[in-house]
1. Show me the GluC sites (Glu not before Pro) within the range 906-1002 that DSSP assigns to loop and that have at most 13 other Cβ atoms within 10 Å of their Cβ.
2. Considering the Cα trace of the range 789-920, what is its radius of gyration and what is Dmax, both in angstroms?
3. Which pairs break 18 Å Cα to Cα here: 784/862; 594/655; 542/957; 835/862; 449/534; 852/906?
4. Let me know the Kirkwood hydrodynamic radius for the range 155-253, please, with Cα pairs as the basis and the value in Å to one decimal.
5. Just round it to a whole percent: the fraction of Cα-Cα distances in the range 811-850 exceeding 11 Å.
6. Sort 158, 486 by Cβ crowding within 10 Å, fewest neighbours at the top.
7. Can you sort 497, 23 from fewest to most other Cβ atoms within 10 Å of each residue's own Cβ?
8. For a quick check: with amide H placed at 1.01 Å from N, whose amide H comes under 5 Å from residue 5's, ignoring anything fewer than 5 positions away on the same chain?
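Here, each number is a calculation from the coordinates, and none is a lab measurement. Nothing here was measured: the structure is a model prediction, and the numbers come from that model. Positions of Cβ are generated from backbone atoms using ideal geometry, with glycine treated the same way; all protein chains shown enter the neighbour counts.
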Amino acid sequence: MSPINIHTLPPLGSGAEGSGSLRDEIEEALVGTAEPTVPGKRPEDRKWAFKRRVPTVVLYDEAGLRLYDRITSDAPEYYLFQDELNLLKTHGDQIARSMGFPGSDSPLRNDGGENDYAPVKPWKPARWGDVDVGKWNNGVNGEEGLGGGWEKGWDVVELGAGALRKTAHLLTALSSALPNPPHNAADMPSPITYHPLDLSRPELHRVLGEMDEAFGKDLQGKVDCIGLHGDYNAGLQFIRDGKLSALSTGVDPRGRALGLGNVLTREQSISPESAMPVTPETHIKPLDAVLSPLSNPSDHSDGSEHLLVTPGPEISPLPSAMTDESSDMSRCGTESASGTWSPVEDEMEVVSPSPELATTTTKPVYSEIKSNNTNSDSQSKFSASATKTGTDTSTGERRPLHLVFLGSSLGNFEREAAAPFLASLPLRQGDTLLLGLDGRPPPGPEGSKKVEVAYNDPAGHTRAFEEHGWDVVREELGLKGDAGVEFVGRYNEELGRHEAYFRSKDHQKLHLPGSGRDVTLEKDELLNIEWSYKYSLGEALKLFADADLRVINSWKAPTSDYRLYLLERPPVRFRVKDTETMSKGGDMISPLNKVKAVPKWHEWQDLWKLWDHITLDMIPKEMLHQKPIDLRHICLFYLGHIPTFLDIHLTRMTKGQQAEPEHFKDIFERGIDPDVDDPSKIHSHSEVPTSEADWPTCAEVLEFRDRVRARVRGIYDEIEDGTMAFSRHVGRVLFMTFEHEAMHAETLLYMLIQSPLTRAPTSVATPQWDALARRWAQEKKDNKLLSISGGTITMGHNDLEAEDDIFPGQHGWSDHEFGWDNEHPAIQHQVKPFKVDSLPVSNAEYLAFLEKSGVDTNDADKLPASWIRDDSGEWKIRTLYGPVDFTVGGDWPLQASKLELDAFAKAKGGRLPTEGELRLLWDHRDGPRPAGESANIGVRNWHPVPATHTITDHAGKVVHGHNGGVWEWTDTPFDGYEGFVPSLIYPGYSADFFDGKHFVVLGGSYATIPTIAGRNSFRNWYQSNYRFSFIGGRVAYDV
């Protein structure tokens, strides 16, 4: 038998002190409260009122764990275990691939493989000619799979010592998805290290021993096992401190410790004090001990806080970081040496959750911006002085981390504590969390009975497990001759949880030896022992949003609502909750946080991460002077246009001096939207160079970009400290320039999707199309016809720019909603009754329409620009990851011109909806929502997904459907509402396109930021024959 390796972690929280602390916890719970807790608002809930508790911890001593094993093996009514086990058996290969394990059939290097993990090394701007450029992810100097594959390895940490049967299936699936081993694999540590994290050393010892005995030969050379003895606090801090990778690589293939001193302990003696159970109470009490390592203001005598989020000019390094004398080559179109985009990710940075869920952050200290001088010495003053925590302090490369939290153990957390706990998990780019979560059953007696029987099986296994907990209470308190308790439970449908209680068998007095007090239990008095919360679809979506997590994929049990979710926290995302104050001590409330419509500093950071990922990661050098779409400028133009537009309007706002080089305004101020039929007809725009040699270099553009970003930072600092009056005009300029950049990020993406040279996005887990397609096929719903009764609807909002002068300071406009000039004023619009399809037109539907219509599908000009023919002659659907089959994207919404969708709608006996009709549909109870909880916006995915219907989930919550991630065409020509007034700041924004050729487009796509998609008044527009944008449509019908 191989040695059993268990590493004892230093305790950080309470609950790890042995039997004394357990006794204290029991006594505190038994003393109880003066007033009873009534678990619900219904009359029948009063029968379940209680004043006292018994800590859940008493259930999980060594004997209790053996009793629990009998439930999982001998009680088929306990569906949670069996359903989760079957999901791991059935979908283990999909889960492994979705985690990023490449598999032996990967077309990449056989000695390393590829996944989406970046090695940790000091960051510096990557430049063409650097030896590391393209080294990762099969780039121009390709040597390594991104993440190092077998050589680098993977860490799998399970929160709680897993059940052997489930864990073994997961590890077998992961080991089967490893790349082919290198030639020297026998002399290397196993690529996967499995770490069960548990407070019970006996349980760790048992699990690891049984694992080795049953699966040791199958996993040998692929998986090493090192237990972590401690609570969640200690385990998560161990990971944050970067010690896990060192521990993982410290065991050789023969199980010997490699230079780790006393880190590993083998076959250590097991003391009673170490036999602590695995419960939320012991693992995360107090919860702030979990969160505090991320940021703890009290640690800093100067009042500053450690930053969780990299400040903007550090995300996008300022010019001093770009004047590396070692090379004058542009870093445009390159990937950083860390394997990700250079201006975004600090190589040591944990992808942190929203500060609202963890801590607040404070602004970095910057030198005062006095000029826009291009001298690199002066620019080098712009550097962040704040340090960050939550980082990996190890000197070696960080291994990918996959956390595993099975058994619906999160359900034992109070509902309000679940999201903060998930938010505290130290996930970085490429890390994942595999979460088992039981869903609420269908409402009604049948659903309640299913849960109640699961938690109180007829054979009595659950009763034996629960009532053993009272034996632990007896032992801890030294009780003798007490009347005892019996286990009772119920499913509370209103609160969505199973509730377990002890019921006192008789009137009895208990002596508490620690405090010397006596406690009297009345006959039939209830003592609460544990909750097990269930999550409906809407509750799960909210949980993940509040925890700042993205769903990579999910797998549902066929006969229950149990699900496995694979989650990540991408570095490029739009955080929906953030209370960042930027105040140095975190005590003052920033004026910016009091105003609803002005982008907060963290929102600029999120946007710049997106912009830099697109421009510096996805556009290779050879594309900079190309036009993926003839009707648009070259790619380099947009890199210069965004900071130039921003600088021009900041200069006008502050009446200051433009950033150098000033002549950029002549090249980059305004882009083009030519007439599709006659491109020579075009609105007023900047004159751009006609020769590649006359364009600025990419390095010059990026240096300019960073000077402008520093200027934005300086303006936010001046608003914060009161140097600049925070007028409504200032707020409008910040709003306008922010949304302008966001809109152009989407423009670039729909350009890039047309080019075969575009690099795939790497900010989220690479889609596993086969696994996703299977789930989409299972969840597919047929189109329905919705009848909308019509009525009066408000379109637009009141936002007269001329009234900004009334508000020279920050008061009086905090709730004001900004918009673009075509959104003003609010009007009342009458809509007649109509019918409309519940789902937009799909790719498969349109292909069938073309084939039925006799259209020559060999003519690319007669097919949507969102499709492409592959080398075999088969039509596929364009994505930023490359073309996909119709078996994958056939149910995605079609992206096409208005003319193409008009033809489809006419053939179906309908038409496209008007602007008012589409707005009314989105207000309807059964209608979709462009920015609902499930909507595909804000690069939650970098591709469309199948549209969904609106449903009512098992908690009674309405979960609105979505259209799959596209804008939607209307049949309404673009024009101003009655009372339209052109913008004073940007007069031609809308008015230049009131030409009868442009039509209103509403909603948002997968590339649209949430603040745009979520503003009901926002109106977009395109020419009816423009084929390239992320726009779909649905069919409406006259009544």
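1. Numbers: sites: 915, 917, 933, 968, 978; in loops: 933, 978.
For GluC sites (Glu not before Pro) across the range 906-1002 that sit outside H, G, I, E and B with at most 13 neighbouring Cβ atoms in 10 Å, the list reads 978.
2. 21.4, 64
3. 784/862; 594/655; 835/862
4. 13.9 Å
5. Of all Cα-Cα pairs in the range 811-850, 80 percent lie more than 11 Å apart.
6. Lowest count first: 486, 158.
7. Working: 497 24, 23 19.
So the residues, fewest neighbours to most, are 23, 497.
8. Amide H to amide H, under 5 Å and 5 or more residues apart or across chains, residue 5 pairs with 227.
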